[in-house]
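Please read the structure below before turning to the comments.
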Amino acid sequence: MKAELLDIPPVVTDRECAEGVADRLEDLLLEVNGIFPRVDLWGRAAACVRGLLAPLSRKNGWQISEYIGEPSPWGQQHLLDRAVWDADQLRDFTRRYVVAGLEDGGVGAGPGGAGVLVVDETGFAKRGRASAGVARQYSGALGGVFPCQIGVMAAWATGAGQALIDRELYLPREWTEDRPRCRVAKIPDEVGFAVKPRLAERMIARILPDLPAGRVWVAADEVYGRDGTFRRTLEEHGLPYVVNVQANQSVLPRPGWRHLARLVERYAVEDEWVDLPAGPSQLESRTWQWWVRRIPAPDAEPGSGLARWLLARRRPESPQEKDYYLGWGPEEVPVEELVLVPGARWRVEDAIKLAKSAAGMADYEVRHFHGWYRHVSLAQLAAAFLAVQAADQQRGDQGEEADEAHTGGAG
């Protein structure tokens, strides 16, 4: 008896595409099963990730439980609080998954390299006093000073996309100086106060071994850029950077030349400002006017091939308003490529928005220190899946366009 040929339509329907994405999600969830010591616990984690990606109005324990058909949120609460599993293992898995999934052959977000590592923080609105790290503090994401938690985030950005790959919870001094309060929130006794640049340095040290070969740049706003220790740490790691700094940033040791803004005002001739695109953004592209100069680097070894720069940026329609940057890296980098690094800083904002809006990163209802890390780690895995799928779709579309162009040319 001869088997009949399976009749598969040549056109892929939207439903089949959706089923293919669902299959890839299940494959991803199978890959993380070793992080969870019991099968039932892995099942709860997998159900949580599915719920975080579901079209729910809020993605808290109650709504995820209802979505997966459980009568109460006890199982999800157990996963985030009492169960035994290591959120840092999940964080490391997500980082490797993102780096591999967003590989672009070195043609993307940064000048002549593998990609850009971007550091920023985001706020999570939170009421009360019991949740770990909650305090009245400034959050740019929330638009002012509010009761909130602050998470320091790291994103990996290439030409294929961007996604969050690490996280740290910022604890204000009012918390770390009150150890009984910390113990109630299950903050380990060894966790003390650390400013945000120190938290960023911890993440970078973890991330660096998993980054691809090639030139990796770092971008960060002035919270990190104005911190001299942060910049020196990047240099010790051999990571070139362009970081935002304040207008009164000291640049040169000579009197009168210390402030960056004053130096730019004194030496930047009007016709020396050049229009340069700083890479794609939410508005398709950003073209700014830039003034870039190398500055003396007395600590650089002769022939090291390294240089320092100061960069000033302004909008053509409002030239009196300027942003300022300091850069460090290989001296051969042309200005046209150098400005791509600060231009990539917005990519972390997009990664945070994706994680919050599509993967429920801000929808948690946990109070304990480790619960925050567990929820955020699961949400970052869910958001990473979306980012990698979007990159795969983009590659497929580009491949189809290339095939069509080749076919048309051959005709």
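Descriptive notes on the structure:
- For Ala100: the one exception among (1) open to solvent by less than 10 Å² (accessible area, probe 1.4 Å); (2) within 30 Å of Glu332 (Cα to Cα); (3) free of Cβ contacts under 8 Å to residues at least 24 places away in the same chain: (1)
- Members of the stretch 209-233 that are open to solvent by 50 Å² or more (accessible area, probe 1.4 Å) and either among the aliphatic types (A, V, I, L, M) or over 23 Å from Asp88 (Cα atoms) (or both): Ala213, Gly214, Arg215, Glu222, Arg226, Thr229, Arg232
- In the stretch 134-163, of all residues being outside any strand (DSSP E or B) and closer than 28 Å to Asp392 by Cα, the one that is most open to solvent (accessible area, probe 1.4 Å) corresponds to Gly159.
- Residue list for the stretch 182-214, filter: touching a residue at least 60 places away in the same chain (Cβ under 8 Å) and touching a Lys or Arg at 6+ places or on another chain (Cβ under 6 Å): Asp210
- Checking each residue in the stretch 175-207 for being in a helix (DSSP H, G or I), more than 20 Å from the chain's Cα centre (by Cα) and either surrounded by fewer than 20 Cβ atoms within 10 Å (Cβ to Cβ) or small (Gly, Ala, Ser) (or both) picks out Thr176, Arg179, Pro180, Arg181, Arg183, Val184.
- Residues satisfying the stated conditions in the stretch 48-64, i.e. of a type outside the set (S, T, N, Q) and either assigned to a loop (DSSP other than H, G, I, E, B) or open to solvent by 10 Å² or more (accessible area, probe 1.4 Å) (or both): Arg50, Leu53, Ala54, Pro55, Leu56, Arg58, Lys59, Gly61, Trp62
- Within the stretch 29-46, being buried (at least 18 other Cβ atoms within 10 Å of the Cβ) and in contact (Cβ under 8 Å) with a residue 24 or more places away in the chain holds for Val32, Ile35, Phe36, Leu41, Arg44, Ala45.
- Test: residue in the stretch 234-254 that is in a helix (DSSP H, G or I) and surrounded by 14 or more Cβ atoms within 10 Å (Cβ to Cβ): yes
- Conditions (1) within 30 Å of Leu276 (Cα to Cα); (2) open to solvent by 10 Å² or more (accessible area, probe 1.4 Å); (3) at pLDDT 95 or above; number of the one not met by Val107: (3)
- Residue match in the stretch 155-177 (condition: farther than 30 Å from Val388 by Cβ and touching an Asp or Glu at 6+ places or on another chain (Cβ under 9 Å)): no
- Looking across the stretch 164-174, just one residue is under 26 Å from the mean Cα position of the chain (by Cα), more than 30 Å from Ala114 (Cβ to Cβ) and outside any loop (DSSP other than H, G, I, E, B), and that is Arg173.
- Cβ-Cβ under 9 Å pairs, at least 6 apart or on other chains, the stretch 215-238 side more than 16 Å from Ala154 (Cβ to Cβ), far side of a type in the set (Phe, Trp, Tyr) and crowded, with 20+ Cβ neighbours inside 10 Å: Glu222/Tyr324; Arg231/Tyr224; Arg231/Tyr241; Arg231/Trp328; Glu235/Tyr241; Glu235/Trp328
The values are calculated or read from the model by the stated rules, or taken from the named source; none is laboratory data. Note that the coordinates shown come from a computational prediction; the quantities given were computed from them, not determined experimentally. Every residue, glycine as well, gets a Cβ built from its backbone with ideal geometry; the counts of neighbours run over all protein chains shown. In case anyone asks, the SASA skips ligands and DNA or RNA and just uses the protein heavy atoms, side chains included. Shrake-Rupley method; radii C 1.70, N 1.55, O 1.52, S 1.80 Å.
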